[in-house]
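To start, the structure under review is shown below, and the notes come after it.
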Amino acid sequence: MSWHCHGTNYAELVSNLQKRGILTSPEAASAMSKVDRKLFVPPTALPYNDSPQVIGFGATISAPHMHSYCLSLLADYLKPGMSVLDVGSGSGYLTAVLGLMVGETGRTVGVEHIPELVDRSIDAIKQTPAGSLMDMGRLEVILADGKLGYKEGAPYNAIHVGAAAAVLPAALVEQLKPGGRMVIPVGTMAQDLVIVDKLLDGTIKKKIEIGVRYVPLI
Ligand code: SAH
């Protein structure tokens, strides 16, 4: 997908994402506007371009339109006090935004398997208003294999997966709270963004949203 919501500054980027109808949740827009994307990319990157940017170690920060799209799909599951897991948290940008949405009564866990990215993401998050959530112990970034989720923080109202899984990881479905929602890219060559809803009776409902291109969940 290319919606070309580039901005000359961060406020313009967020505003363009809203104007184009991609960032439909006011709560997500408010949280996003507090987390400057520039803090999460290398100095040579183009932070206000609506495109993925290389962050090193084979990872990219997703395009703002993808972050916005996923946040809009998850917004009802990111109310203050809810718990959220961000698998393949990479730059930490989305983890910070998710954290601000669920707030200090909620709980936010990012899981990333590259130690340098974990360290860098923690440093960047500290420079945003989400840093105080870290100080309070309400937001953490864990070094681990995201396919296994993070049992200690389960169950989660919302799970966002930022890398494409070959098949839907059973542990993540397991760690979703009844009534909760996961958004996950699934596939190898051709990938689909899949919405996985766990109904209150535990039934799993899957819906393919759109075709996407993410780096693989290893
Ligand atoms: N949402 C992130 C996406 C980063 S790219 C962002 O916008 O910054 C996907 C990330 O998934 C990479 O950082 C990669 O290192 C990580 N990843 C891939 N496989 C993983 C695994 N099994 N466990 C944890 N992280 C993984």
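The values are calculated or read from the model by the stated rules, or taken from the named source; none is laboratory data. Quick caveat, the model's predicted, so the values are computed rather than measured. Please note: Cβ atoms are built from the backbone with ideal geometry, for glycine as well, and neighbour counts cover all protein chains shown. Calculation scope for accessible area: heavy atoms of the full protein, side chains included, ligands and nucleic acids excluded. Shrake-Rupley method; radii C 1.70, N 1.55, O 1.52, S 1.80 Å.
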- Query: Taking Cα pairs under 8 Å and at least six residues apart, what relative contact order does the chain come out at, in percent?
  - Reply: 15 percent
- Item | Apportionment of accessible area to carbon and sulfur, the chain, percent (1.4 Å) | 56 percent
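How much length is gained if the chain between Asp135 and Asp201 is pulled fully straight, taking 0.36 nm per residue apart and subtracting their Cα-Cα distance, in nm to one decimal?
Gain in length upon complete extension: 20.2 nm.
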- Positive-pole candidate from Pro129, Met101, Ala29, dipole of the chain, charges at beta carbon: Ala29
- Message: Please compute the Kirkwood hydrodynamic radius over the chain, one decimal place, Å, based on all pairs of different Cα atoms.
- Response: 16.8 Å
- Item | At R0 = 22 Å, FRET efficiency that the Cβ-Cβ distance of Arg20 and Asp76 yields, to 0.05 | 0.60
- Message: Check which residues have an amide H placed less than 5 Å from Gln191's amide H, if you skip close sequence neighbours.
- Response: Val212
- Task: Find the accessible area per residue for the stretch 10-212; the probe is 1.4 Å, ligands and nucleic acids are left out, and the unit is Å².
- Result: 42 Å²
- Computed E for Leu148/His6 - FRET, C-beta separation, R0 25 angstrom, nearest 0.05: 0.10
- Note on the structure: Note to self, the chain gives a 222 nm [θ] from helices alone (DSSP H runs n ≥ 4, -39500 (n - 2.57) apiece, / all residues, nearest 500) of -8000 deg cm²/dmol
- Item | More than 20 Å apart - percent of Cα-Cα pairs taken over the stretch 154-218 | 22 percent
- Query: In whole Hz, what ³J(HN,Hα) sequence does the stretch 26-38 give by Karplus (6.51, -1.76, 1.60; θ = phi - 60°), x for Gly and Pro?
  - Reply: x, 5, 5, 5, 5, 5, 4, 5, 8, 10, 5, 4, 4
- For the chain, what is the charge dipole size about the Cα centre, in debye to the nearest 20, if Lys and Arg each add +1 at the Cβ and Asp and Glu each add -1 at the Cβ? 400 debye
- So what does His113 come to for accessible area, using a 1.4 Å probe and Å² rounded to 10? 90 Å²
- Query: When only the heavy atoms of the protein chains count and the probe is 1.4 Å, how do Thr108, Thr44 rank by accessible area, highest first?
  - Reply: Thr44, Thr108
- Message: Under 20 Å from a point placed 7 Å out from the Cα of Ile208 along the Cα-to-Cβ direction: which residues of the stretch 159-182 have their backbone N that close?
- Response: 161-170, 182
- Whole-Hz Karplus couplings 3J(HN,Hα) for the stretch 4-17, θ = phi - 60° and coefficients 6.51, -1.76, 1.60, Gly and Pro as x, run 6, 9, 3, x, 7, 8, 5, 4, 5, 4, 4, 5, 5, 5
